[in-house]
Every structure is written in structure tokens, then in C-alpha cells.
Amino acid sequence: MQTETGAAAVNVEAAPVADNADQSNQRYHWTPRKFCQSISLFILSAASEVGGGWLVWQSIRSGKPWWWGLLGSVTLVVYGFIPTLQPVDQFGRTFAAYGGFFIVYSYGWGWLLDHEQPDTGDFAGAGIALAGVCICWFWPRKVRTD
């Protein structure tokens, strides 16, 4: 069979849909490998976002060369792709959970490179944020079937 443009048409039949009733009671299983992969990706995301933002900041606010800003911008573009490697396919949950890692990493970066030592409130808030996002991220929940 050919279409009006002369290209061959391919007859594709839909594959049978699996019964999702069996999956609805399954829990997402965090293996040690997935756990380590996820934490590593959150840390890599934080390094890319905070590092890229810091380079742009240094270029604009601290008078560093223009190419620091360019390098920071490229790093921020790379950062945008890293969360897509997470083992969970939920955008909102992934970025929400990443937020706690971002907070902790930002304080650490500022302390290490800019000598901005966090105070007790910073440590308490960052600890609460990280604990909260870990509860959200690793909480046992049913597998999404949609």
C-alpha cells in the first residue's frame, strides 16, 4: 500500500496492553545501586548548578573575566540534563527532592570558596531540608502505571 506521496505505508498493530492491576500494588524498590546513583546525581546536579551560578556571579559581581560567565552558563546548561538520569520518572518529585541537596551544597560552596561560614540557623535549616527531601524521595510508594 502506498500513500498519496508514494511512500510505502506500514501497517502497525497496537501491542496488547498489559494488565496494570498487578503493578498497582507493587512498590518502587530502591536497590543499593539505584540509591547510590540517585545521591551521586543529586550531588553532581548541585555541583553543576552551584558551580555554574558561582562562575556567572563572579563574572558579573566580582569583576572576573567575561569567559567565567560564559563557562558558568555552559555549566548551567549541562546541569539541566543531569536530573534526567535519575531512576525516578517524575519531574516534580525529582526537582523538589534535589532542592535539599542544593541548599546544603550551596552553603558548603560558600563556606569553602567565599569563606562565608554558615551559622547555627543555616546548619539547622539545611539539615531539616535535607532530611525532609530524603523522606520525600525515598518514601516507599506504589509504582506509577500511567
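Quick note: the coordinates plus some simple rules give every number you see, no bench work behind them. Computed from a predicted structure; not experimentally measured. Glycine also receives a Cβ, built like all others from the backbone with ideal geometry; neighbour counts cover every protein chain displayed.
Computed from label points 7 Å out along Cα-Cβ, the spacing between Glu116 and Val78 is 2.3 nm.
The shape of region 76-118 comes out prolate: with a ≥ b ≥ c from the C-alpha gyration tensor, a/c is at least 1.5 and a/b beats b/c.
Assign one of three labels to region 50-110, namely rounded, prolate or oblate, based on the Cα gyration tensor with a ≥ b ≥ c the square roots of its eigenvalues; rounded applies when a/c is under 1.5, prolate when it is not and a/b is larger than b/c, and oblate otherwise. Each step should come with its number before you reach the end.
Working: a/c = 3.90, a/b = 1.86, b/c = 2.10.
In terms of gyration-tensor shape, oblate.
So how much slack lies between Thr31 and Val143, counting 0.36 nm per residue of separation and subtracting their Cα-Cα distance, in nm? It would help to have the intermediate numbers written out before the result.
Working: separation 112, 0.36 × 112 = 40.32 nm, distance 1.46 nm.
Here the answer is 38.9 nm.
Between Tyr107, Ala97, Ala124, the Cα set farthest toward the positive side of the dipole of region 85-146 (charges on each charged residue's Cβ, about the Cα centre) is that of Ala97.
The shape of region 27-146 comes out oblate: with a ≥ b ≥ c from the C-alpha gyration tensor, a/c is at least 1.5 while a/b does not beat b/c.
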